[in-house]
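Enquirer: Right, I'll just put the structure down here and ask away after.
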Amino acid sequence: MTRIVLNTPLAGWACPLAEVPDPVFAERMMGDGLAIEPTEGVVRAPCDALVVGVAPTSHSVTLRIADAVEVLIHVGIDTVALAGAGFTAHVAVGDRVRADAVLLDFDLDIVAARAPSLITPVIVVSEGATVEVLARDRLVGWGDPLLALTVAATVAVAPPAGDEAIHVLVMPLPHGLHARPAARIVALLKTHAAAAVFEAHGRTADACSMVAVMALGVRQGDELTVRATGTDAAAAVEALVALIEGGMGEAHTAPGLAPALSRPAGTLIPGIRAAPGFAVGTVMHLTQSTIAVPEAGAGPAIERAALDAALATLGGRLAAMTGLGSEIAAAHAALLDDPGLSVPASRAIAAGSSAGAAWRSATQAATTALQATGDPHLAERVADLADLEHQLLALLYPDAAATAPAALPDDAVVIAADVLPSQFIALDHQRLAGIATAGGGPTSHVAILAAAAGLPMLVAGGTALLEVAEGQAVILDADGGWLDPSPDAATLAAAGDRIASDRRRRPAELAAAQAECRMADGTRIEVFANLSSIDETARAVEFGAEGCGLLRTEFLFLGRDAAPDEDEQAAAYAAIATTLGDRPLIVRTLDIGGDKPVAYLPFVPEDNPALGNRGVRFSLARPDLLDIQLRAILRGVPGDQCRIMVPMVVAPAELAAVSAALDRALVAVRRRHRPQLGVMVETPSAAVLAGALARDADFLSIGSNDLTQYALAADRGNPATAALIDALNPAVLRLIALAADGAAAHRRWLGVCGGIASDPAAAAILIGLGVTELSCAAGAIPAVKARVRTLRLADCRALAVRALACSTAAEVRALAPPLVEEAA
Ligand code: PEP
Ligand code: MG
């Protein structure tokens, strides 16, 4: 008999194995021992030993002690799925180590954020030792005696004689033969007399030894030979194969790995997603006729009257517009009154121009001025000016404009150089399948209208688009950023199946949209809506929004002559809060400036507005406006419903300044209840400093639109760079992972409110990275909820690890293609 004392290998709370949330450990399938809830991330040798196993993912080590017993130290539960992230091994198989030598270390924050548990079993995995527990239910430090093992003298066992059976399989388990499957295999073999071995990679391992099985390093997809000898060899092999091929509870399909429609190569016309979706349809070209106008007028009084009448008619028409496009119509109506147009038009009429020529010269001068700014967002407003020019000239010269709009074929894919908002509104949406434009930008008004109508839209496709023949059947994948101008029959049929499957799924998604969103394993994920107007709120609630994850308050400030006062703001916030019922409302403080200038606030022209005076920088430069807004939010939104979020933060000091302003506002409105104050992570520095921000913030929310543009140095509004913009780029995902680590370190929740949250295909990766709230475009909520309900956290974490290891967005998207209905 030999007595061996094992010291504590890592500091923490010692507890019985029964407390480990995994039956393989808790039910002692691997052997007896103890578990430690670690307080530090360094694992040391509990005594002098030989290293006989190190997991390829460095999350576990097996030691042979006194040439007699084998002990496994397995950090955390399901940590194999981290694929090594956060772990570093300091020893290799064959190393002889002294007591206290460092075996491996791990980043507590990363592992805590991504694994279900950090609890670390220390298990005697070999036969023949009795285990005595020396420390339990208390804190232990390195070197404290933990277990005493009494080892019996070994008895040589003759190999069983009898039949031999053999079977070769391809390893289906997502993480190969790691500790848990190995334990189940050993347990199964205890019920058989036969001796079994595994062969892989040219090596053989005793299937009854967990250590040997793990040391084979068999991964998913590897070939494994199962061989048994003995009286029940055939039954043993059959049982082993059934156990492995049955998946051992690990082999359910990983998220995002549903079969995807393969992306046809070569002939595709690339473009930029302006509105999400996928369509198959028939090409219809939409052209914009130029209305001929007389240069000379019939006299200033007559032309002035004609222009005023046309302006009044158009103004009335825009004001009367309801539903889709009413907000854009309101912006157009404001432009009609803009002195920047009316003054030069009046001057031209006074100088002898016709009303039409005067209006055209005024809109075109404004267009030239906008284009000269070089700001792509302003350049996109050029389409609005062109639209107003066309609509007004059509009223002034109805005969010249009279070209009856061509009827759309069923499932029309409209192709155009650009589409004006009024043209879009006039199209028969029942027949429209999607839109693709040669020019345009992803943040144009038409793009917003298309997204609101649920129609996919691709922009910046270039002149190749204009060459696609009218009547041609095409596939438009706005999500993938391409149009296939000449798909073959099989590709068309597969695309048609995908659309039919989407349509079949939609009623069920809508029916389930009101229910709370939980993953298949019960994990709660909040699915919220992004809102930027009062009108949108009711629709979002209908689609199942469980709250508002981002209220873009700019809607109150744009398209007017003066900033809204405190009462007006409070009333607007109150209206949204009331419509949301008791659902949480996250109000973002003003994010104007830079790319969203407002005429009545003094902005100095900037060369790089996206890097300039915007978001929280503007708010801190104008504390008067910030104070008004914070008071209005506190007055408008009830205490327990209210959360506040700060945009464009790069430093903790900015959060501290807003936090101080919030304190001032609380005193001013005599409110005691302080709402949660969160930070948008939309700059690389906020992601890198997420830990420091999360210390003082109540939550973090990823603004993936800006985070992507800043991470990839690609302007989110510039058609020339927008092909680079994909929030699933691994560079962006790594920043999100940093934000998740920072949030987890301070136990803060992490959400996503950028556009990527609306993409059901991205949900698994985002959740795997640590996100628990997805704030989507209202229309996307039913599909996102449906997708989340199919997912399991452990799979998502594994998928996220794989995504982080990719080097391109395309590789990541190949891991997580759009959801395709599984075969019935
Ligand atoms: C973002 O940047 O992702 C975001 C949500 O903010 P916005 O799109 O309003 O800039
Ligand atoms: Mg932003």
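The values are calculated or read from the model by the stated rules, or taken from the named source; none is laboratory data. Remember, it's a predicted structure, so these values are computed and weren't measured experimentally. Cβ sites come from the backbone with ideal geometry, for glycine too, and all protein chains shown count toward neighbours. For accessibility, only protein heavy atoms count, side chains too; no ligands or nucleic acids. Shrake-Rupley method; radii C 1.70, N 1.55, O 1.52, S 1.80 Å.
Enquirer: Suppose the filter is of a type in the set (G, A, S), within 15 Å of ligand 1 (Cβ to nearest atom), touching a helix residue (DSSP H, G or I) at 6+ places or on another chain (Cβ under 9 Å) and without any contact (Cβ under 8 Å) to a residue 60 or more places away in the chain; does A714 pass it? Break it down stepwise before answering.
Expert: Numbers: of a type in the set (G, A, S): yes; within 15 Å of ligand 1 (Cβ to nearest atom): yes; touching a helix residue (DSSP H, G or I) at 6+ places or on another chain (Cβ under 9 Å): yes; without any contact (Cβ under 8 Å) to a residue 60 or more places away in the chain: yes.
Spelling it out, A714 is indeed of a type in the set (G, A, S), within 15 Å of ligand 1 (Cβ to nearest atom), touching a helix residue (DSSP H, G or I) at 6+ places or on another chain (Cβ under 9 Å) and without any contact (Cβ under 8 Å) to a residue 60 or more places away in the chain.
Enquirer: Within the range 479-498, identify whether any single residue is under 29 Å from L558 (Cβ atoms) and of a type in the set (D, E), and answer yes or no. Steps first, please.
Expert: We begin by selecting, within the range 479-498, every residue under 29 Å from L558 (Cβ atoms); these are 479, 481.
Still in the running and of a type in the set (D, E): 479.
Checked the range 479-498: at least one residue is under 29 Å from L558 (Cβ atoms) and of a type in the set (D, E).
Enquirer: Still on this structure, I have one more. Going through A731, A668, A656, A714 one at a time, which residue ends up being away from ligand 2 (no atom under 13 Å from the Cβ), open to solvent by 40 Å² or more (accessible area, probe 1.4 Å) and under 30 Å from T437 (Cα atoms)?
Expert: Numbers: A668 fails: under 30 Å from T437 (Cα atoms); A656 fails: under 30 Å from T437 (Cα atoms); A714 fails: open to solvent by 40 Å² or more (accessible area, probe 1.4 Å).
Going through A731, A668, A656, A714 in turn, the sole match is A731.
Enquirer: Within the range 736-814, considering only helices (runs of 4 or more DSSP H) that don't extend past its boundaries, which have at least 3 residues that are within 16 Å of ligand 1 (Cβ to nearest atom) and crowded, with 24+ Cβ neighbours inside 10 Å?
Expert: Working: elements: 760-769, 781-789, 793-805.
The qualifying helices (runs of 4 or more DSSP H) are 760-769.
Enquirer: Check E568 against each of (1) assigned to a loop (DSSP other than H, G, I, E, B); (2) surrounded by fewer than 16 Cβ atoms within 10 Å (Cβ to Cβ) and name the one condition it does not meet.
Expert: (1)
Enquirer: While we're on this one: A687: within 16 Å of ligand 1 (Cβ to nearest atom), at pLDDT 95 or above and hydrophobic (A, V, I, L, M, F, W, C), yes or no?
Expert: yes
Enquirer: Yes or no: V669 away from ligand 1 (no atom under 16 Å from the Cβ) and among the β-branched types (V, I, T)?
Expert: On the way: away from ligand 1 (no atom under 16 Å from the Cβ): yes; among the β-branched types (V, I, T): yes.
Answer is yes for this residue.
Enquirer: Is it the case that the range 576-590 has a residue that's open to solvent by less than 10 Å² (accessible area, probe 1.4 Å), more than 16 Å from ligand 1 (Cβ to nearest atom) and at positive phi?
Expert: no
Enquirer: Got a sec? Which helices (runs of 4 or more DSSP H) wholly within the range 601-680 have at least 3 residues that are free of Cβ contacts under 8 Å to residues at least 60 places away in the same chain and farther than 30 Å from D715 by Cβ?
Expert: Numbers: elements: 616-621, 623-636, 652-668.
Where helices (runs of 4 or more DSSP H) fall fully within the range 601-680 and carry at least 3 residues being free of Cβ contacts under 8 Å to residues at least 60 places away in the same chain and farther than 30 Å from D715 by Cβ, they are 623-636, 652-668.
Enquirer: Does P684 satisfy being away from ligand 2 (no atom under 16 Å from the Cβ), free of Cβ contacts under 8 Å to residues at least 60 places away in the same chain, over 30 Å from T579 (Cβ atoms) and buried (at least 16 other Cβ atoms within 10 Å of the Cβ)?
Expert: Values: away from ligand 2 (no atom under 16 Å from the Cβ): no; free of Cβ contacts under 8 Å to residues at least 60 places away in the same chain: yes; over 30 Å from T579 (Cβ atoms): yes; buried (at least 16 other Cβ atoms within 10 Å of the Cβ): yes.
Answer is no for this residue.
Enquirer: While we're looking at this one, here's another question. Would you confirm whether or not the range 628-637 contains a residue that is open to solvent by less than 10 Å² (accessible area, probe 1.4 Å), within 16 Å of ligand 1 (Cβ to nearest atom) and among the β-branched types (V, I, T)?
Expert: No, because not a single residue in the range 628-637 is open to solvent by less than 10 Å² (accessible area, probe 1.4 Å), within 16 Å of ligand 1 (Cβ to nearest atom) and among the β-branched types (V, I, T).
Enquirer: Restricting to strands (runs of 3 or more DSSP E) lying wholly in the range 63-162: which have 2 or more residues that are open to solvent by less than 30 Å² (accessible area, probe 1.4 Å)? Talk me through it step by step, then tell me what you get.
Expert: Numbers: elements: 69-74, 87-89, 102-106, 120-124, 129-133, 138-140, 145-151.
Once the strands (runs of 3 or more DSSP E) in the range 63-162 are filtered for at least 2 residues that are open to solvent by less than 30 Å² (accessible area, probe 1.4 Å), what remains is 69-74, 102-106, 120-124, 145-151.
Enquirer: Which ones in the range 638-653 are within 16 Å of ligand 2 (Cβ to nearest atom) and either open to solvent by less than 30 Å² (accessible area, probe 1.4 Å) or in contact with a Gly (Cβ under 8 Å, 6 or more places away or on another chain) (or both)? Can you show your working first?
Expert: Within the range 638-653, the subset within 16 Å of ligand 2 (Cβ to nearest atom) is 644-650.
Of everything in the range 638-653, those that are within 16 Å of ligand 2 (Cβ to nearest atom) and either open to solvent by less than 30 Å² (accessible area, probe 1.4 Å) or in contact with a Gly (Cβ under 8 Å, 6 or more places away or on another chain) (or both) turn out to be I644, M645, V646, P647, M648, V649.
Enquirer: Here's a follow-up. Which ones in the range 39-54 are outside any strand (DSSP E or B) and under 18 Å from S117 (Cα atoms)?
Expert: Those that are outside any strand (DSSP E or B) and under 18 Å from S117 (Cα atoms): T39, E40, G41.
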